[in-house]
Amino acid sequence: MADRLAQAVRRQWETEAQVRRLNDPFPLSVEWVAADADLVESWPQLRELAKDWPGQPPGGSIWAADAEGLAGQGGEIGEVFERIPTRRLVVLGEPGAGKTMLLIRLLLDLLERRPSGSPVPVLFPLASWDPARQDLYTWMADQLVRDHSALHAPAPTDRLQRSPGTLARALLEWRLIVPVLDGLDELPEAVRALALHAINQVLPTRQPLALSSRTAEYRSALTPPAGATVLLNGAAGIHLLPLDAVKAATYLERDAGGSGTRAAARWRRVTASLGTGTPVSRALSTPLGLFLARTIYNPHPDEDLAGLAHPDELLDQARFPTREDIDTHMFAAFVPAAYRSHPYHPTRWTARQAEHILTFLAHHLEYTLDGTPNLAWWQLPKALPKYVPALAVGLTAGLVFGLMGGLAAVFTGLYTVGIMVVLKFGLVYWFPFALACAVMAARGTWPARDRNPSSGLRWSWGGKSVGFGLVGGLVGGLAGGLLGLFLDSSAAIFTYGGVGGLVAGLAGWFQGGLRSVHPDLDKAVGPGTVLARDRRAFLVIALVGGLAGALAYGLPLGVMVGTVGQIPFTDNPSADAPAFVAIAIEMGLVIGLPFVAGGLVVGLVRSMWVEFLVAWIWLVVLGRVPWRFMSFLADAHERRGVLRQVGAVYQFRHLDLQRHLAGPGN
């Protein structure tokens, strides 16, 4: 399982590195030195700790002689990781210094070196973890299942072992995962020290790991205002340096077409100022700053330079007196630049439209979802008032149930055909559903808790839902028989209800046993794939609901028609006995129509697609998101570089970009 997961992780991050243009025009070679001694364990302590482990010291011959031996650059990060006796590394740096980029390079390097059967490095963005509420293993298992859905399957075990639960949990407990924890600084300040304490408590010192953070935030987390100092047990550290001025200049000019081109010549004055300590020099000393600058000022192939802003504007210290002013300017100019139309990447959305949509999404993440960077389509309903999805979904289910009931009444001959009859009869069916939904919405009970989308269906004997389905079907069928007996003196009606209850119970038992399946372990699941699977699961459940209703009420009705010789509630004689099968099938299908709504309700519990559909339509009407919402997100990721993808969710290219768009001025 670990080997198959390693293949998926490798494909995931090789693809993401390509989309993020980490190697275009060439990899930026960041440099680093050993972190300040007070932020990490002492080197003698690390050596002694590793020597005390059972068995031979792992890799003692390649350990660095001291902390200064961890200095390096670019592609050396994998070798540096192996030089640490405990193989536990903290990566520190300033905003935009390239910490995440370096972790991705480390992850891919470890995968390249990884022997079969050994632990798999997996990147976990820490911003979505709440250490005050979630155990670290539980949270990491949830992230693994979200990005690699097959890991939700039960883990193999034997009679002598307690089952660890899912494959994800088993991989963690059997130490077959190397956690690469990105962005401690992205957690709220109040819980960073708690997060470090939780990591120390849960992950044994002998388990390798990597963790990144901004330097000031990490130092603050180690020394909280109240409480003891908390170090990451057994960890060495490195600190990323500003980019070399010559490398930064070469990068900008090469991206513009190379030395000697008109586009590269536009950078002459700016590159001459690099390394001088000016605001523009400091702003362009990080990979993030260079990425923003090249997107804004460098032309696409076949793009006219006349329409582009000139990089010399960054030298205007009256306009940009500090680095922060330049950062703010480049964040503001980035989205319009990313959505410039050009032949290689035509866009359906103008820069103004894109900025409006992205600003709304940033607000949604910052203020509705408490600052998480994870843009998940199944959390879009939280952008609406909480009663809207409940009311819309419930009223729709009730309407479907009512109209189907009206059609069933007409087609079975209870009434003459007429649209008003259908509507009146349907209203009787629909009203209780609508009322129940309104009450549920008013009490704020929908959704009851955070749920994840489904990725398929299977049937299982176990679970409370199976029992509830059986009991619910039996009670519903018997209740229908009693109601029929009240309306019609024929005792056969009660018999019909009993038979119907039995069949309905069996149908409910079958429907209640439906579970999600997660089939793909060899590849990470992207947002679009997750949405398609969840939609398919919902539609299958709704169809099963209709078929279950047909069996539960159509089959016993056919039995009555064939044996008693009369359709309930009418004076119409039935056909003779040989027509029993045809009558049963016909009336079963018609009577089963209303129960599509029952399947819809069960589908709501098992999937997230309908809630997303309601939120999407609502926000389209309000002008907050585009009609082709998922296409917009994919385009922003794959072509514009505004979003990045981490498994099943999107994130803004940088957390500071998200915060800029969500700021009070936007």
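Laboratory data are not the source of any read-out in this text; all were calculated from the coordinates shown. Model, not experiment: these values are computed from the prediction. Cβ coordinates were reconstructed from backbone atoms using ideal geometry, including for glycine residues, and neighbour counts include every protein chain displayed.
How large is the Rg to Rh ratio of the range 2-240 when both quantities use alpha carbon positions and Rh follows Kirkwood? Walk me through the numbers on the way to the answer.
Details: Rg = 17.5 Å, Rh = 18.4 Å.
Radius of gyration relative to Kirkwood radius: 0.95.
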Beta bridges by DSSP in the range 2-240, antiparallel share as percent, to the nearest 5: 25 percent
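Can you tally the net charge around VAL625? Count Lys and Arg as +1, Asp and Glu as -1, for every other residue whose Cβ sits under 14 Å from the Cβ of VAL625. Provide the component values of the computation, followed by the final result.
Values: positive: ARG348, LYS382, ARG624, ARG628; negative: GLU355, ASP635.
The answer is +2.
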Rounded, prolate or oblate (a/c below 1.5 giving rounded, otherwise prolate when a/b exceeds b/c) for the range 35-118 by Cα gyration tensor: oblate
